[in-house]
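*Asks:* What follows is a structure written as structure tokens; I'll ask about it next.
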Amino acid sequence: MAHAQISKYLPPDINPTKAAIAYGCRALPKLNEELNSEDLLTRQKALMALCDLMHDPEYVYEAINLGFLESLKSLLKDDDDVVRIKTTEVLYIMATHNVGRNGFLENDIILALSFLMDDPYALCRQNLHQAFKYLAQLPSGARGIVDNGLISPLVLKLQREEEKIQELILDTLASCLQEDATEALSSCAVPFFKQKLLSSNKNIRSKAAQALMAISIPLEGKNQVCRHDVIPILVQLLKDEEEEVQANAAGALMYATVTTEGKYAALDSEAIQPLLKLLFSPLIKVRLNATKALTILAEAPEGRKLLQGHVFNFRNLEMDQNEAVRRAAHIAIKVIEWKP
């Protein structure tokens with residue numbers, strides 16, 4: 001005769017680390033209640049479940065309307081490290097959606113996150129810097145980071161953070177500096193970026209050159225790049241094995257050499273030959289930035305003289321598959337062949 005026996009194991013579709021999600025329209029309100037629970041395990045499970053839901057922008061929109069961001073701001077101050085880590089993870093997932101980024105700006109999430117920049121757990125800091133990176137991709141998000149006075153702290157963090165987090169910080173700074181480089185220029189950012197150009201990590205070299213490109217847009221940025229002898233290092237990076245490093249180094253030179261001092265610093269560093277080699281790169285960005293940098297160097301009589309024997313290279317680029325490269329090559333030829 002058969003006997004009824006209850007298994008001691010959980011059903012296969014039950015995850016004991018996550019809160020059970022209520023059915024239909026009750027799902028998010030119930031999770032929000034659990035986020036505010038006094039029971040630690042309940043808060044942790046609710047955050048685990050929320051991490052999965054926030055990949056859907058519709059849930060992000062609904063969560064913001066239900067006041068989740070206020071609950072998450074409170075959890076950023078929680079004494080439990082797992083709660084803080086999962087809270088920052090939820091926020092960075094929300095920041096991957098445009099509706100989430102707008103919600104951050106409307107609910108002052110930037111400042112709340114910034115208090116965790118010194119959190120003892122690297123994963124917590126990594127999550128918040130990922131959130132900042134995505135937020136800075138929105139012009140208003142970059143402006144929000146600048147307005148909260150976070151540029152100087154981010155620059156200083158480049159000296160102390162792990163390499164993976166340094167990459168995220170450099171991405172954030174590159175976006176923010178295009179919006180406003182004033183605070184960075186008064187925070188010795190250029191010497192810090194110069195140091196990162198010498199990193200053995202190819203991603204850090206590339207992103208440091210990208211940040212220098214952004215900080216070189218204003219005149220003071222161009223002057224500081226010359227004053228701190230960054231141009232010779234950028235010229236060396238034109239010969240880097242990584243094409244992204246080459247592209248960003250050429251882009252930084254393109255901005256830094258607009259001034260007369262910058263042009264002659266690049267010519268003294270023999271920038272023309274490596275830039276000419278980059279005209280044959282398979283990467284469009286490399287060809288475009290190299291062409292524009294050479295055009296600027298051709299504005300100096302010495303640069304124009306050196307490039308007059310290479311006009312045929314630019315003629316070939318006038319037939320490039322990319323319209324921007326074709327247009328840049330046409331302008332380069334006009335500058336090189338200009339006669340006073």
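The values are calculated or read from the model by the stated rules, or taken from the named source; none is laboratory data. Here the structure is a predicted model, which is why all the values come from computation and not from measurement. Reconstructed Cβ throughout: ideal geometry from the backbone, glycine too, with neighbour counts over all protein chains shown. Areas reflect the complete protein model, heavy atoms only, side chains present, ligands, DNA and RNA absent. Shrake-Rupley method; radii C 1.70, N 1.55, O 1.52, S 1.80 Å.
*Asks:* Go ahead and run the numbers for FRET between R327 and N65, Cβ-Cβ distance against an R0 of 41 Å, rounding to 0.05.
*Replies:* Using R0 = 41 Å, I get an efficiency of 0.35.
*Asks:* What size of dipole, in debye to the nearest 20, comes out for the chain about its Cα centre when the only charges are +1 on Lys and Arg C-beta atoms and -1 on Asp and Glu C-beta atoms?
*Replies:* Value, rounded to 20: 1120 debye.
*Asks:* Now a separate question. If we count trypsin sites (Lys or Arg not before Pro) as exposed when they sit in a DSSP loop and have at most 11 other beta carbons within 10 Å, what is the longest stretch of the chain that avoids them all?
*Replies:* 161-340
*Asks:* So what is the 222 nm mean residue ellipticity for the chain from helices alone, if each DSSP H run of at least 4 adds -39500 (n - 2.57) and you divide by all residues, rounding to the nearest 500 deg cm²/dmol?
*Replies:* Rounded to the nearest 500, it is -20000 deg cm²/dmol.
*Asks:* Report, in listed order, any pair from K202/K222; K194/K292; K164/K263; K73/K164; K164/K285 with a Cα-Cα distance greater than 31 Å.
*Replies:* With Cα atoms farther than 31 Å apart: K164/K263.
*Asks:* For K334, list the aspartates and glutamates whose Cα falls under 14 Å from its own Cα; do not include residues on the same chain fewer than 8 positions away.
*Replies:* E299, E318
*Asks:* What ³J(HN,Hα) values, in whole Hz, does the Karplus curve 6.51 cos²θ - 1.76 cosθ + 1.60 give for the stretch 225-235 when θ = phi - 60°, with x put for Gly and Pro?
*Replies:* 4, 6, 5, 9, 6, 7, 4, x, 5, 4, 5
*Asks:* Pairing the Cα long axis of helix 40-53 with the longest principal axis of the chain, what angle in degrees results, from 0 to 90 and rounded to the nearest 10?
*Replies:* 50 degrees
*Asks:* While we're here: How about the stretch 94-194: which chymotrypsin sites (Phe, Trp or Tyr not before Pro) there are in a DSSP loop, with at most 14 other Cβ atoms within 10 Å of their Cβ?
*Replies:* Loop-located and lightly packed - F115, Y121.
*Asks:* Right, here's the next one. For a paramagnetic label modelled at 7 Å from the Cα of F280 toward its Cβ, which residues of the stretch 294-328 fall within the zone defined by backbone nitrogen distances under 12 Å?
*Replies:* Within reach of a label on F280: 313.
*Asks:* Give the calculated FRET efficiency between N36 and Q273 to the nearest 0.05, with a Förster radius of 56 Å applied to their Cβ-Cβ distance.
*Replies:* Computed FRET efficiency for N36 and Q273 comes out at 0.30.
*Asks:* Go ahead and run the numbers for FRET between S74 and V258, Cβ-Cβ distance against an R0 of 56 Å, rounding to 0.05.
*Replies:* 0.70
*Asks:* Determine the shape class of the stretch 159-290: with a ≥ b ≥ c the square roots of the Cα gyration tensor eigenvalues, call it rounded for a/c under 1.5, and otherwise prolate if a/b is greater than b/c, oblate otherwise.
*Replies:* oblate
*Asks:* Below 12 Å, Cα to Cα, which aspartates and glutamates can K157 reach? Residues fewer than 8 away in the same chain don't count.
*Replies:* Partners within reach: D118, E167.
*Asks:* Okay, next question. If I compute solvent accessible area with a 1.4 Å probe over the protein chains, what percent of it on the chain is carbon and sulfur?
*Replies:* 53 percent
*Asks:* Step through the residues of the stretch 213-222 one at a time and calculate ³J(HN,Hα) from phi using the Karplus curve (6.51 cos²θ - 1.76 cosθ + 1.60, θ = phi - 60°), rounding each to whole Hz and writing x for Gly and Pro.
*Replies:* 4, 5, 6, 8, 5, x, 4, 4, x, 4
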